[in-house]
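S.K.: The structure that follows is given in the form of C-alpha cells.
Every number here is computed from the coordinates shown, using simple stated rules; none is lab data. These numbers were taken from a predicted model, which means no experiment stands behind them. Positions of Cβ are generated from backbone atoms using ideal geometry, with glycine treated the same way; all protein chains shown enter the neighbour counts.
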C-alpha cells in the first residue's frame with residue numbers, strides 16, 4: 001500500500017464547521033475553540049470568512065476573529081470569495097486567503113448567481129490583488145465529484161476550473177466532496193489524473209461524511225499521492241447550498257486512523273480528543 005510518512009491536517013472547524021449553524025455562536029466561544037485548537041499543534045487553521053453577514057451571519061465577526069488569531073500568532077486561512085472580502089482580509093492582516101468555485105455551474109448559480117466561467121473571470125482580480133499583497137492563496141473547487149443540482153460532475157468540469165486556478169497561481173488547490181457522495185474509486189481516479197496533469201501543484205483533499213465514506217476517501221486520496229487534508233473537529237460542518245450534506249470528516253477520526261497506520265501529523269491526539277466534545281456542544285447539527 002502506497003502511503004505517505006506524514007500528512008498535514010488543516011483544521012476547518014471554526015469556519016467551514018460553524019458557518020451553517022442555525023443558532024448564533026458567540027465570538028468568545030469561537031475564540032476558545034481556536035485557542036484550544038492552536039494548543040493541539042496545528043500548522044494551519046481555517047478560522048473565518050470575510051463574507052456579507054446577510055448571507056453567512058455566523059461569520060459576521062470576521063475582523064474580531066482575525067485580530068484574535070493575529071494576537072495568538074497562529075497561521076490561519078480566511079475565506080475571501082470576492083474582491084471586497086479580500087480587501088477586508090488584507091486590512092485585518094490574514095496571512096492566507098481562500099477562494100472557491102464549484103466545478104458544477106448549477107452549484108455556482110445557486111451559490112453566487114454566476115456560471116463557472118463567469119466566476120473564474122471574477123476570480124482573476126482576487127488573485128491579482130492577493131498576489132500583490134503577498135498572500136498565500138488556497139483555491140477550493142467545490143462539488144468536485146457530484147452535485148445536488150446536476151448529479152454527477154465530470155472530470156472535465158473539475159479540470160476546467162483546476163487548470164485556470166493553476167494558471168492564476170494558486171498555492172494549493174483543494175478538491176472538495178462538498179455534498180459527501182464521493183467513493184474511494186472516483187477519489188483515487190480523480191486525484192491521480194489531476195496530479196499527472198499538474199505534477200507541481202499541491203492538492204488538498206476535503207471530504208464530507210454524508211454517505212459515511214470520508215475515511216475511505218481520505219485513504220484513497222493518500223494512495224493517489226495527496227498529503228494534505230481538511231478535517232473538522234467533532235465532525236462539524238455542512239454546506240448551506242448543498243441540501244442534505246452533513247459535516248466534514250471528523251478530525252479525531254482521521255487522526256486515529258493515521259496514528260494506527262504510523263503516519264505522522266504533528267498533532268496531539270489526546271488534546272484533539274478532549275476538545276471534540278466542546279466543539280460538538282457548539283452545534284445543533286452534530
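S.K.: Order by neighbour count: 133, 206, fewest other Cβ atoms within 10 Å first, most last. All intermediate terms of the calculation are to be shown ahead of the outcome.
M.R.: On the way: 133 13, 206 26.
Lowest to highest Cβ neighbour count: 133, 206.
S.K.: Also: Per 0.36 nm of contour for each residue apart, how much would the distance between residue 154 and residue 26 grow if the chain were fully extended, relative to their Cα-Cα spacing?
M.R.: Details: separation 128, 0.36 × 128 = 46.08 nm, distance 3.99 nm.
Gain on stretching residue 154 to residue 26: 42.1 nm.
S.K.: For a footprinting-style exposure proxy, rank 36, 190, 274 by other Cβ within 10 Å, fewest first. Please report the intermediate quantities before stating the final value.
M.R.: Values: 36 16, 190 23, 274 13.
With the fewest neighbours first, 36, 190, 274 line up as 274, 36, 190.
S.K.: Now for a separate question. Report the gain in length on full extension from residue 5 to residue 201: 0.36 nm times residue separation, minus Cα-Cα distance, nm rounded to one decimal. Numbers along the way, then the final one.
M.R.: Working: separation 196, 0.36 × 196 = 70.56 nm, distance 1.93 nm.
Going from the current span to full extension adds 68.6 nm.
S.K.: Taking 0.36 nm per residue of separation and subtracting the Cα-Cα distance, what length does fully extending residue 189 through residue 55 add? Walk me through the numbers on the way to the answer.
M.R.: Details: separation 134, 0.36 × 134 = 48.24 nm, distance 3.48 nm.
Taking residue 189 through residue 55 to full extension adds about 44.8 nm, to one decimal.
S.K.: Sticking with this structure for a sec: Using Cα springs under 10 Å in a Gaussian network model of the chain, which residue among 59, 213, 257 shows the largest mean-square fluctuation?
M.R.: Result: 257 has the largest fluctuation of those listed.
S.K.: Can you put 115, 60, 214, 6 in order, fewest other beta carbons within 10 Å first? Could the numbers behind the result be given before it?
M.R.: On the way: 115 13, 60 17, 214 28, 6 10.
Placing the least packed residue first, the sequence is 6, 115, 60, 214.
S.K.: If you restrict to DSSP beta bridges whose two residues both lie in the stretch 8-280, what percentage is antiparallel, to the nearest 5?
M.R.: Around 10 percent antiparallel, to the nearest 5.
S.K.: Sticking with this structure for a sec: Which value results for Rg/Rh of the stretch 8-280 when Rg is the Cα radius of gyration and Rh the Kirkwood radius based on the inverse mean 1/r? Each step should come with its number before you reach the end.
M.R.: Numbers: Rg = 17.0 Å, Rh = 18.3 Å.
On the Cα set of the stretch 8-280, Rg over Rh gives 0.93.
S.K.: For the stretch 8-280, what is the relative contact order in percent, using Cα pairs closer than 8 Å and at least 6 residues apart in sequence?
M.R.: Numbers: 552 pairs, mean separation 53.1, N = 273.
The normalised contact order for the stretch 8-280 reaches 19 percent.
S.K.: Evaluate E = 1/(1 + (r/R0)^6) for residue 113 and residue 260, where r is the Cβ-Cβ distance and R0 equals 41 Å; express this FRET efficiency to the nearest 0.05. Walk me through the intermediate numbers first.
M.R.: On the way: r = 45 Å, r/R0 = 1.09.
Using R0 = 41 Å, I get an efficiency of 0.35.
S.K.: Sum -39500 (n - 2.57) across every DSSP H segment of at least 4 residues in the chain, then divide by the residue count to get the 222 nm mean residue ellipticity, nearest 500. Provide the component values of the computation, followed by the final result.
M.R.: On the way: 10 runs with 120 residues, N = 286.
So the helix-based figure for the chain works out to -13000 deg cm²/dmol.
S.K.: Can you tell me the FRET efficiency between residue 281 and residue 136 if r is taken as the Cβ-Cβ distance and R0 is 25 Å, rounded to the nearest 0.05? Don't jump to the answer; show the numbers that get you there.
M.R.: Working: r = 32 Å, r/R0 = 1.27.
Once rounded, the FRET efficiency stands at 0.20.
S.K.: Another question, if that's okay. Describe numerically, in nm with one decimal, the distance between label points set 7 Å from Cα along Cα→Cβ at residue 122 and at residue 67.
M.R.: That separation, rounded to one decimal, is 2.9 nm.
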